[in-house]
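**Q** Below: one structure in structure tokens.
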Amino acid sequence: MGPIGVFDSGFGGLSILREIRRVLPQYDYLFLGDNARAPYGTRSFQLVYEFTLEAVKHFFDQGCSLVILACNTASAKALRSIQQRDLPVIDPTRRVLGVIRPTVEAVGEISQSGHVGVFGTPGTIASGSYNIEIAKLHPQFKVSGHACPMWVPLVENCESEGEGADYFVKKDINALLAMDGDIDTVILGCTHYPLLLNKVKQFMPQGINVVSQGDIVARSLADYLQRHPEIEARCSKGGTCHYTTTDDAEKFSAMASVFVNEDVKAQKIKL
């Protein structure tokens, strides 16, 4: 038995972890932020895959049987390869899950018009992962994606409530809606973006649903564990959470506390 691993290239996955712990507080969790090599959003598919696989192997070494890629870029660029090519060789009894599929499943119940917008990092939008997954489950839907390269820096520089955020959020909303005037549902396709949710709702026209991933992923994980008792039985249940980073632990702890709304004491590790 071991903790559930939760991975992100930086801090954004902490917003997913916060909701997972709210819904499933009984389990032990191990979070890893690869902050020393962040951001992943502008890196190549191959490099994101290599970095993510290193992290997954680290989680397995720590006794994790289940790892959540709480990062849209890693989910878009690395998850499928790891699931199909690496897990059968490393250990076919372990599981690695992402955040895109649960989000896409939920959107099918939310959108009435079938016109969906996606905000994401340049890497996530360029991958077309949301378009691909939505086409599989909802082939009649039309998807428009828009990259928001300034949103992550705004969050990580504690400017998510500032005037700079007003400018970029409004600009990017207008750009997305100009692509398709019938959009009725917008996915925040990066785990940093929930910290800009107030700004997004402020400038988003009324009647458009804004989908944040944390609660969706948490409920999807609860359902997954219920459907897979053989995996659930291998997840330890002590209610603990340990935070690790590949960068400076003190700096990480200060920023992480903003995401999870509690004091964080992180440990620096090397991949």
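The values are calculated or read from the model by the stated rules, or taken from the named source; none is laboratory data. Computed from a prediction, not measured in an experiment: that's the story for all the values here. Note that we place each Cβ from the backbone using ideal geometry, even for glycine, and neighbour counts take in every protein chain shown. Note: areas computed on protein heavy atoms with side chains; ligands, DNA, RNA excluded. Shrake-Rupley method; radii C 1.70, N 1.55, O 1.52, S 1.80 Å.
**Q** Quick check on this structure: which one of Pro92, Pro88, Pro39 is over 30 Å from Leu154 (Cα atoms) and in a loop (DSSP other than H, G, I, E, B)?
**A** One residue alone meets the criteria, Pro92.
**Q** Still on this structure: Suppose the filter is surrounded by fewer than 22 Cβ atoms within 10 Å (Cβ to Cβ) and in a helix (DSSP H, G or I); does Gln206 pass it?
**A** For Gln206, the condition - surrounded by fewer than 22 Cβ atoms within 10 Å (Cβ to Cβ) and in a helix (DSSP H, G or I) - is not met.
**Q** Okay, moving on. Among (1) in contact (Cβ under 8 Å) with a residue 12 or more places away in the chain; (2) farther than 25 Å from Pro122 by Cα, which single condition is Gln206 missing?
**A** (1)
**Q** So, one more: Just checking, does region 211-224 include any residue being over 18 Å from the mean Cα position of the chain (by Cα) and surrounded by 14 or more Cβ atoms within 10 Å (Cβ to Cβ)?
**A** no
**Q** Go over the candidates Thr191, Thr244 one by one and state the one that is among the β-branched types (Val, Ile, Thr), surrounded by 14 or more Cβ atoms within 10 Å (Cβ to Cβ), at pLDDT below 95 and under 20 Å from the mean Cα position of the chain (by Cα).
**A** Thr191
**Q** Determine which member of the set Ser144, Ser160 is at pLDDT below 95 and not in a helix (DSSP H, G or I).
**A** Unique residue meeting the criteria: Ser160.
**Q** Hey, another quick one. Give the number of residues within region 46-105 that are more than 23 Å from Ile187 (Cα to Cα) and among the small types (Gly, Ala, Ser).
**A** Summing the residues that are more than 23 Å from Ile187 (Cα to Cα) and among the small types (Gly, Ala, Ser) in region 46-105 gives 4.
**Q** Please determine, by comparing only the residues of region 1-18 that are open to solvent by 10 Å² or more (accessible area, probe 1.4 Å) and within 17 Å of Ser236 (Cα to Cα), which one is nearest to the chain's Cα centre (by Cα).
**A** Pro3
**Q** Assess whether Ala78 counts as being in contact with a Gly (Cβ under 6 Å, 6 or more places away or on another chain) and crowded, with 21+ Cβ neighbours inside 10 Å.
**A** No; evaluated as a whole, the condition is false for this residue.
**Q** Okay, next question. Do the conditions hold for Leu30, that is, is it in a strand (DSSP E or B) and surrounded by fewer than 24 Cβ atoms within 10 Å (Cβ to Cβ)?
**A** yes
**Q** Regarding region 122-129, can at least one residue be identified that is outside any helix (DSSP H, G or I) and closer than 22 Å to Val200 by Cβ?
**A** Within region 122-129 (the criterion being outside any helix (DSSP H, G or I) and closer than 22 Å to Val200 by Cβ), the answer is no, since none of the residues qualifies.
**Q** Looking only at region 225-237, which residues are in a helix (DSSP H, G or I) and open to solvent by 60 Å² or more (accessible area, probe 1.4 Å)?
**A** Matches in region 225-237: Gln226, Arg227, Pro229, Glu230.
**Q** In the set Arg21, Arg43, which member is open to solvent by 20 Å² or more (accessible area, probe 1.4 Å), at pLDDT 95 or above and out of contact with any Asp or Glu (no Cβ under 6 Å at 6 or more places or on another chain)?
**A** The unique qualifying residue is Arg21.
**Q** Residue pairs, Cβ under 6 Å, 6 or more apart or interchain, first in region 253-271 and closer than 15 Å to Phe7 by Cβ, second among the polar types (S, T, N, Q) and modelled with pLDDT under 95. List them.
**A** Partner pairs satisfying both residue conditions: Phe259/Ser15.
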